[in-house]
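Below is one structure; the comments refer to it alone.
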Amino acid sequence: MTRARAGAVAGRRTWLFDLDGTLVDSCPAHEAAFRQAIAEFAPGALASFRYAAHAGASTAEVAARLVPGDAVAAGRLARRKQRLYHEYAEAGVVVVLPGARRLLERLTQDGRTVYLVTGGSRGSVERVLSACSLGGYFRAVLTSDDIPVSKPDPRFYADACRRWAVDPEDAVAVEDSAHGVASAVGAGLVTLQVHAAEPAAGAIAVQDLDEIVSLFHQEQR
């Protein structure tokens, strides 16, 4: 199976990464920020809120679900959540996942091009990349502020490929959520899914980022 995975990515020179849950563990910070914002702007929704149920969705989408039919209140909740998340990121609550730096270094050392394709807002993403010292690995970054659709819409990844003149036949996407996988697979990308108990449709399951590094050893044999 490892050889099959290595064969699927062999020779592909462009890698597109998701951020939250893929390269960094931001879930505790996101959940804490949401809970505080909900307590302030939609306290009636707090008892039933489960952050895991919204994996892969943007802050604006989650806020709209929490305050249905009230765009003004949803906007306030979303903005408050983002401000709180920025504070958590700057405080170092968001941490780099095991293997992330090793994988990114291996890709750049091999001369492969690395991009970030994330549903996070530009402000949140920039703060995380700065706090975690990851920004230098990426040639460019696409966020939810740059495109009017979100994952799982395939246009999210398709637009990234168009912007950067990336040939899907020469690219690999790395995702953790079913939403992200659906977007990448729908755009025609070979997609590795990490940190998932059950792989989403179309994904190639890998246990973690260190396993992806091991694929390069198989490729060289």
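The values are calculated or read from the model by the stated rules, or taken from the named source; none is laboratory data. None of the values given here were measured: they were computed from a predicted structure. Accessible surface areas use protein heavy atoms only, side chains included; no ligands, DNA or RNA. Shrake-Rupley method; radii C 1.70, N 1.55, O 1.52, S 1.80 Å.
Each residue of segment 187-204 was assigned a 3J(HN,Hα) from its phi angle through the Karplus curve 6.51 cos²θ - 1.76 cosθ + 1.60 (θ = phi - 60°); the sequence is 8, x, 9, 4, 10, 8, 10, 10, 6, 10, 5, 10, x, 6, 4, x, 8, 9 Hz, with glycine and proline shown as x. For the chain, the fraction of 1.4 Å probe accessible surface lying on carbon and sulfur atoms is 50 percent.
Phi angles across segment 124-136 convert, under the Karplus curve 6.51 cos²θ - 1.76 cosθ + 1.60 with θ = phi - 60°, into 3J(HN,Hα) values of 5, 5, 4, 5, 5, 4, 5, 5, 9, 6, 10, x, x Hz, Gly and Pro given as x.
Run through the DSSP bridge list for the chain and note the antiparallel percent, rounded to the nearest 5. If I count the DSSP bridges inside the chain, around 10 percent turn out antiparallel.
Applied to segment 90-104, the Karplus parametrisation 6.51 cos²θ - 1.76 cosθ + 1.60 on θ = phi - 60° returns per-residue 3J(HN,Hα) values of 5, 7, x, 6, 7, 10, 6, 6, x, x, 5, 5, 4, 5, 4 Hz, with x for Gly and Pro. Just checking the listed ones, A140, A52, A73: in the Gaussian network model of the chain with Cα springs under 10 Å, the one fluctuating most is A52.
Based on protein heavy atoms only, the chain ends up with 45 Å² per residue of surface accessible to a 1.4 Å probe. Summarising the amide proton neighbourhood of A173: residues at separation of 5 or more, or on other chains, whose placed amide H is nearer than 5 Å comprise L16, V190, T191, L192.
With semi-axes defined as the square roots of five times the eigenvalues of the C-alpha gyration tensor, the equivalent ellipsoid of the chain measures 31, 17, 16 Å, largest first.
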